[in-house]
Amino acid sequence: MTPAGRLLSASAIGALIASGALAQELNLYLIPSPSSDAIQSFIPAFEAATGIKVNVTETPYGEAHQKLLLSVQLKQGQYDVAQFDNTFLAPYGAAGTMMPLDDRIAGSAAYDIADFSEGLQDYGKYDGRTLGLVLSTEPMILWYRSDIFDELGLSVPATWDEYRAAAQAIEESGRGDGNILGWGPNASWWFMTFIWSFGGHLYDEDLNPQVNTPEAVAGVTFFKEMLQYGPEGGISASGDDVTNKFLSQDIGMMIQYSGYWGVALEPENTEFVGRIGTAKMPLGAVDITHLAGWNIGIPADAVNVDEAWRFLEFVLGKDNAADYLKAGAAAIGRKSVLDNAELLAIHPYLPLLDIPESSRIERYPQLRVWPELEKAILDALPAILNGEVEVQAGLDALNETMRPILAQERAN
């Protein structure tokens, strides 16, 4: 573990702690996840190198973000480092929850921001300021059962038309279900993906809703049509269910975030280890990359800021990128690990994290009203997907529901 040691020797850091120039403790606020587990695996080495004791508070996802927001608003100074989902970047940015890190990043050879593509360099930015480092890089990708494809002589689909044809061929062969997508409680993930991929947008530059355009209708229609090639009960599949079903049943393909790969490595989760392939998500009307993932940063009311940055450099610096992934985290898309032969043998999807400049990166909308907007989408989708309303009519209604929500964003 070298980044912290490059900045100051352990003895020099110890002297600073003794003099009171550095804090003796550091408080982390983490959310249970493979990334959190990986971060914590670095703590003993950091403590040994610096003499700084590291305390960890883990808070479940459902309450973590609101608790951190309230803590910072009350200026309690409880936490020095905090993990958060990128979906909360805009609310945190608007509320001043996280400290801008740009000056520290620019001066850090240990972190080495140039090791990231431009799109990933911007992943933690709100209003032009970096509020969070990249903690995981999780694009939507194609997963497929290589054994089923080989048995049926199928090629890996590169377009949505080819994806549909492959799903139909698998279904008709009796070898298994053609595909699985998240048609249930997390359907917004795929709803956005298909609207973007088919050339649409959720809203325009003036925050007018756009989910009933011809492009959006085509994307949602495709999303609905693929149900016929899904497993029984697919209409209710959550995000986790999609992965669990794909790993436990004969299902030819799924579209899912790459961050789930760690689940696929565990023999207790699947009997198909070694029979799962990955590829770039099929191409639609435009080349988009739906990107998700965690961020981590320093709360605005943090007391031990220098030590917090030292810890972030230690864990997430370039030199430790491979060890971080080996510790079980979802991969961070650093250029320096994407062709690492040792890592590729375990994580063959890594080259897919090298997002080309030609691909338009899309992510959860950076809106303060996103929670309300997502609820409106999830409330509207069941009737559309199960055929209670026609796609166009359902999206027309959703478009109108979204209008006042987006107006709130404009007003703010």
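Numbers below:
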quantity: All helices (runs of 4 or more DSSP H) inside segment 295-383 with 3 or more residues being in contact with a Phe, Trp or Tyr (Cβ under 8 Å, 6 or more places away or on another chain); calculated: 305-316
quantity: Pick from segment 319-358, criterion of a type outside the set (A, V, I, L, M), in contact with a helix residue (DSSP H, G or I) (Cβ under 8 Å, 6 or more places away or on another chain) and within 20 Å of Lys125 (Cα to Cα), ranking: modelled with the lowest pLDDT; calculated: Glu357
quantity: Elements of type helices (runs of 4 or more DSSP H) contained in segment 113-220, each with 3 or more residues being within 29 Å of Ala82 (Cβ to Cβ) and in the same structural domain as Val242 (by TED's automatic domain parsing); calculated: 188-197
quantity: Search result, residues across segment 242-277 that are closer than 30 Å to Pro214 by Cα and not in a loop (DSSP other than H, G, I, E, B); calculated: Val242, Met253, Met254, Ile255, Gln256, Tyr257, Ser258
quantity: Residue in segment 333-347 that is assigned by TED's automatic domain parsing to the domain that holds Asn27, in contact with a Ser or Thr (Cβ under 8 Å, 6 or more places away or on another chain) and crowded, with 22+ Cβ neighbours inside 10 Å present; calculated: yes
quantity: Filter result (surrounded by 15 or more Cβ atoms within 10 Å (Cβ to Cβ), hydroxyl-bearing (Ser, Thr, Tyr) and within 22 Å of Ile332 (Cα to Cα)) within segment 36-87; calculated: Ser36, Ser41, Thr87
quantity: Single residue of Gly277, Gly284 found to be surrounded by fewer than 20 Cβ atoms within 10 Å (Cβ to Cβ) and either closer than 24 Å to Glu232 by Cα or touching a residue at least 40 places away in the same chain (Cβ under 8 Å) (or both); calculated: Gly277
quantity: Boolean, Ala327 is out of contact with any Asp or Glu (no Cβ under 6 Å at 6 or more places or on another chain) and free of Cβ contacts under 8 Å to residues at least 12 places away in the same chain; calculated: no
quantity: Subset of segment 94-121 [buried (at least 17 other Cβ atoms within 10 Å of the Cβ), without any contact (Cβ under 8 Å) to a residue 60 or more places away in the chain and not hydrophobic (A, V, I, L, M, F, W, C)]; calculated: Pro100
quantity: Pairs, first within 16 Å of Leu352 (Cβ to Cβ) in segment 142-160, second modelled with pLDDT of 95 or more and in a helix (DSSP H, G or I), C-beta under 7 Å, six or more apart; calculated: Trp143/Phe246; Val156/Phe149; Pro157/Tyr163; Pro157/Ala166
quantity: Boolean, Asp85 is within 20 Å of the chain's Cα centre (by Cα), under 17 Å from Pro299 (Cβ atoms) and not hydroxyl-bearing (Ser, Thr, Tyr); calculated: yes
quantity: Number of the exception - Glu388 against (1) charged (D, E, K, R); (2) assigned to a loop (DSSP other than H, G, I, E, B); (3) under 26 Å from the mean Cα position of the chain (by Cα); calculated: (3)
quantity: Residue selected from segment 370-388 under the condition of a type in the set (A, V, I, L, M, F, W, C) and without any contact (Cβ under 8 Å) to a residue 24 or more places away in the chain, by the criterion surrounded by the most Cβ atoms within 10 Å (Cβ to Cβ); calculated: Ala380
quantity: Helices (runs of 4 or more DSSP H) fully within segment 24-103 counting 1 or more residues that are of a type in the set (Asp, Glu); calculated: 34-41, 43-50, 61-73
quantity: Residues of segment 38-57 satisfying the condition of being at pLDDT 95 or above and of a type outside the set (A, V, I, L, M); calculated: Gln40, Ser41, Phe42, Pro44, Phe46, Glu47, Lys53, Asn55, Thr57
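Per-residue answers, yes or no, for (1) of a type in the set (Asp, Glu); (2) more than 26 Å from Glu357 (Cβ to Cβ); (3) not assigned by TED's automatic domain parsing to the domain that holds Leu202:
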site: Glu307; (1), (2), (3): yes, yes, yes
site: Gly317; (1), (2), (3): no, no, yes
site: Asn320; (1), (2), (3): no, yes, yes
site: Leu325; (1), (2), (3): no, no, yes
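Conditions (1) within 15 Å of Trp143 (Cα to Cα); (2) in contact (Cβ under 8 Å) with a residue 40 or more places away in the chain, marked per residue:
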residue: Ala169; (1), (2): no, no
residue: Glu172; (1), (2): no, no
residue: Pro185; (1), (2): no, yes
residue: Met192; (1), (2): no, yes
residue: His201; (1), (2): no, no
residue: Asp241; (1), (2): yes, yes
residue: Ser248; (1), (2): yes, no
residue: Ile255; (1), (2): yes, yes
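The values are calculated or read from the model by the stated rules, or taken from the named source; none is laboratory data. Everything numeric here is computed off the predicted structure, so don't read it as measured data. Methodologically, a virtual Cβ is constructed for each residue, glycine included, from the backbone with ideal geometry; neighbour enumeration extends over all protein chains shown.
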